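> Can you read through this structure? Questions will come right after.
The values are calculated or read from the model by the stated rules, or taken from the named source; none is laboratory data. All values reported here derive from a predicted model rather than from experimental measurement. Positions of Cβ are generated from backbone atoms using ideal geometry, with glycine treated the same way; all protein chains shown enter the neighbour counts.
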Amino acid sequence: MATPKRALRRASECHVDILKLNPIELNSMIITLLSERFMRKSNDIMHIFQLVNNSWNETFYVMFLRMLGGAENKGAMTELGRRVTNYMLLREKHSIVSLEAMLLGGAGLLSEYPVDDYTQRLRDEFTHLSLKYNIAPMTAQEWQLNTLYPHNHPTLRLAQVASCIHRSNLTMSRALECRTADDVYELFSGQASDYWIEHFIIGGHYRITSRRIGHNKSDMLGINLVAAIMYAYGGYTHSDGATGNLYELLENISAESNRYTIPWYSAGVEPTNAAQSQAFIQLSKEYCTHSRCEECPLFQRLSR
């Protein structure tokens with residue numbers, strides 16, 4: 001006779017009962033959930049890794065573009081990374097004008113801006129560099145431009161990317177060196193050049209107050225890009241060191257607070273870092289939301 005399934009639990013019960021776990025059980029569960037979550041992130045990264053001919057530098061760069069693009073422009077950013085590679089940009093990193101010309105010209109956005117001394121300079125530079133590197137530009141119609149929060153406008157984001165490369169290189173080795181939230185913030189510390197502060201809105205006037213990627217966005221990049229690519233790289237190279245660095249980094253980034261974590265926090269759980277909050281996000285998104293109680297690592301521990 002088949003064993004009857006145990007009744008499903010309400011999430012609110014688990015939010016309270018999790019406090020019954022002793023510290024060793026709780027830590028074991030967090031490690032399990034964190035591994036699950038980063039395995040999923042790793043799968044996405046390895047897809048890009050194959051797309052860019054197994055180059056970790058290009059993978060890191062394309063993933064950076066994708067995450068700056070958000071849900072609206074992730075696909076367009078991926079296509080831009082395919083046409084204007086990190087290799088091309090690093091060869092021209094001495095000139096911020098060259099970097100902006102390649103990224104904005106390759107995106108097909110440069111032609112959308114009124115002609116003035118600066119945009120003409122960028123257009124002339126892109127004409128030269130597109131011939132040098134055989135860059136086929138995208139079209140502006142491939143981008144979502146009208147319903148975005150201004151800080152997420154592709155032109156502003158690409159100006160920040162240009163500055164990051166000009167200032168400190170966007171390479172895999174730099175990512176693997178990160179150990180703290182401050183290291184990540186420094187890695188992505190490029191500031192959009194003066195021109196784009198007031199001109200990034202096409203045909204409009206909006207002066208942005210911050211020229212660079214903010215602390216909150218930097219923390220998200222630390223979790224979803226830097227730590228995630230450490231995990232993928234560690235698995236690919238069988239490097240325990242990369243995996244250890246991942247945990248060290250997550251333990252030095254503040255815990256996230258969102259709709260997936262707040263119910264646990266409200267019940268008395270007090271995560272101190274991003275490693276713990278990522279585990280609770282995995283628990284909520286992959287188990288509670290889908291009523292996967294039988295498979296849930298928390299339910300299994302509570303049912304012993």
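> Hey, among I281, I229, I223, which residue is surrounded by fewer than 22 Cβ atoms within 10 Å (Cβ to Cβ), under 22 Å from the mean Cα position of the chain (by Cα) and modelled with pLDDT of 90 or more?
I281
> OK, next. Just checking, does the stretch 99-116 include any residue being under 24 Å from M220 (Cα atoms), at pLDDT below 95, among the acidic types (D, E) and outside the structural domain of G268 (by TED's automatic domain parsing)?
no
> Do we have E72 as modelled with pLDDT of 95 or more and acidic (D, E) here? Don't jump to the end; show me each part of the working.
Values: modelled with pLDDT of 95 or more: no; acidic (D, E): yes.
So E72 fails the test.
> Please go through the stretch 152-196 and give me each residue that is out of contact with any strand residue (DSSP E or B) (no Cβ under 7 Å at 6 or more places or on another chain), closer than 20 Å to K93 by Cα and polar (S, T, N, Q), ordered by number.
Those that are out of contact with any strand residue (DSSP E or B) (no Cβ under 7 Å at 6 or more places or on another chain), closer than 20 Å to K93 by Cα and polar (S, T, N, Q): T155, S168, N169, T171, S173, S193.
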